[in-house]
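Chemist: Mind having a look at this structure? Questions to follow.
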Amino acid sequence: MTFKDLQNLYDKKKTLFGKNAYKHISEVFEEAKALHKKDFRGRDHEQSWRSFKGKNLEKLVEYIITDEIKSIGLDVVNGNSLERTECANLSKKLGKVKRNLLIDFGGECGCHMPDVDIVVFNPEDSMVVAALSVKVTLRERIAQTGYWKLKLAADKNTKHIRVFFVTPDEDGTLTKKNPVKKGRAIVEKDLDGGYVMTETKIETSDKIKMFDKLVADLKKLIK
């Protein structure tokens, strides 16, 4: 099972459901899990699958949004790849993107990139517009994402960067406004927004929306 196989499964959903294909992202992974198990050689398939799913959800979201983001004059880069690659080995443009995202911890602690999965930037000047954290559920890194938002907001050079959480919300944390679950409270109060990829009815708000609103909201940031 490769990312290309996953991409093909998503493309089939896109043929069936068009712009609403994103709502079927969990179905894509259910189908992928069966194929992954056929190829698996080892003792603990569940552990292997969780790793595959988490890593490739990020890639799939990047695949889904890249063309739309480029159509509004922005571009994307994988945050994990950007962090791992030294500036000397990046293009001039991406080197600037990385430097524009760095957080200064001061003194001997130095500068470090926040843990984000997708970086949205302006290709004309390499200014970072938004950082996206992509996770299967809000239990995975939602508090950490809130921490990075606070760190970015504390520096005049990075305070303009919006931090968004993208998720299929498979544990239903974002479904209801009341009672508010802890994960939803963090998105509502500490992040700039959350975008949900699900068929489940979500009680939306100014901060919590369906995934198809993401690119339109990014477009508003560059007007």
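The values are calculated or read from the model by the stated rules, or taken from the named source; none is laboratory data. These numbers were taken from a predicted model, which means no experiment stands behind them. Note: ideal-geometry Cβ built from the backbone for every residue, glycine included; neighbour counts use all protein chains shown.
Chemist: Of the residues in the range 187-223, how many are surrounded by fewer than 20 Cβ atoms within 10 Å (Cβ to Cβ) and either out of contact with any helix residue (DSSP H, G or I) (no Cβ under 9 Å at 6 or more places or on another chain) or not polar (S, T, N, Q) (or both)?
Modeler: So the answer is 22.
Chemist: Failed condition for Gly42, given (1) in a helix (DSSP H, G or I); (2) modelled with pLDDT under 90, with all others met?
Modeler: If we test Gly42 against (1) in a helix (DSSP H, G or I); (2) modelled with pLDDT under 90, just (1) comes out false.
Chemist: Say we look at the range 83-110 and pick out the residues that are of a type in the set (A, V, I, L, M) and over 25 Å from Leu150 (Cα atoms); which of these is modelled with the highest pLDDT?
Modeler: This residue is Leu90.
Chemist: Additional query: Among residues belonging to the range 83-106 that are part of a helix (DSSP H, G or I) and of a type in the set (S, T, N, Q), point out the one that is surrounded by the fewest Cβ atoms within 10 Å (Cβ to Cβ).
Modeler: Going residue by residue through the range 83-106, those that are part of a helix (DSSP H, G or I) are 83-84, 87-89, 92-101.
With of a type in the set (S, T, N, Q) added as a condition, the list becomes 89, 100.
Values: Asn89: 9, Asn100: 17.
My answer is Asn89.
Chemist: Need pairs with beta-carbon distance below 8 Å; first residue farther than 15 Å from Glu68 by Cβ and within the range 10-26, second at pLDDT 95 or above and among the hydroxyl-bearing types (Ser, Thr, Tyr); sequence gap 6+ or separate chains.
Modeler: Pairs that qualify, where the first residue is farther than 15 Å from Glu68 by Cβ and the partner is at pLDDT 95 or above and among the hydroxyl-bearing types (Ser, Thr, Tyr), are Lys23/Thr198; Ile25/Tyr10; Ile25/Thr198; Ser26/Thr198.
Here's the yes/no breakdown for (1) of a type in the set (Lys, Arg); (2) touching a Lys or Arg at 6+ places or on another chain (Cβ under 6 Å); (3) modelled with pLDDT under 95:
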{"residue": "Ile72", "(1), (2), (3)": "no, yes, no"}
{"residue": "Ala131", "(1), (2), (3)": "no, no, no"}
{"residue": "Val166", "(1), (2), (3)": "no, no, no"}
{"residue": "Asp171", "(1), (2), (3)": "no, no, yes"}
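Chemist: Also: Restricting attention to the range 192-208, which residues are outside any loop (DSSP other than H, G, I, E, B) and farther than 12 Å from Gly172 by Cβ?
Modeler: Hits for the range 192-208 are Gly193, Gly194, Tyr195, Ile208.
Chemist: For Leu35, all conditions in the list (1) touching a helix residue (DSSP H, G or I) at 6+ places or on another chain (Cβ under 6 Å); (2) part of a helix (DSSP H, G or I); (3) in contact (Cβ under 8 Å) with a residue 24 or more places away in the chain hold save one; what is the number of the exception?
Modeler: (1)
Chemist: What number goes with the only condition from (1) at pLDDT below 95; (2) crowded, with 17+ Cβ neighbours inside 10 Å that Lys37 does not pass?
Modeler: For Lys37, the exception is condition (2).
Chemist: With respect to Asp75, determine if the residue is in contact (Cβ under 8 Å) with a residue 12 or more places away in the chain, closer than 22 Å to Val166 by Cα, surrounded by 14 or more Cβ atoms within 10 Å (Cβ to Cβ) and in contact with a Gly (Cβ under 6 Å, 6 or more places away or on another chain).
Modeler: no
This table checks each residue for (1) part of a strand (DSSP E or B); (2) touching a strand residue (DSSP E or B) at 6+ places or on another chain (Cβ under 9 Å); (3) crowded, with 16+ Cβ neighbours inside 10 Å.
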position	(1), (2), (3)
Glu108	no, no, no
Asp115	no, yes, no
Pro123	no, yes, no
Ala131	yes, yes, yes
Val136	no, yes, yes
Gln144	no, yes, no
Asp155	no, yes, no
Val163	yes, yes, yes
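Chemist: So, one more: Looking only at the range 162-174, decide whether some residue is among the basic types (Lys, Arg) and free of Cβ contacts under 8 Å to residues at least 24 places away in the same chain. Quick ask: steps written out before the conclusion?
Modeler: Quick first cut of the range 162-174, residues among the basic types (Lys, Arg) only: 162.
Then drop every residue that is not free of Cβ contacts under 8 Å to residues at least 24 places away in the same chain, which leaves none.
Checked the range 162-174: no residue is among the basic types (Lys, Arg) and free of Cβ contacts under 8 Å to residues at least 24 places away in the same chain.
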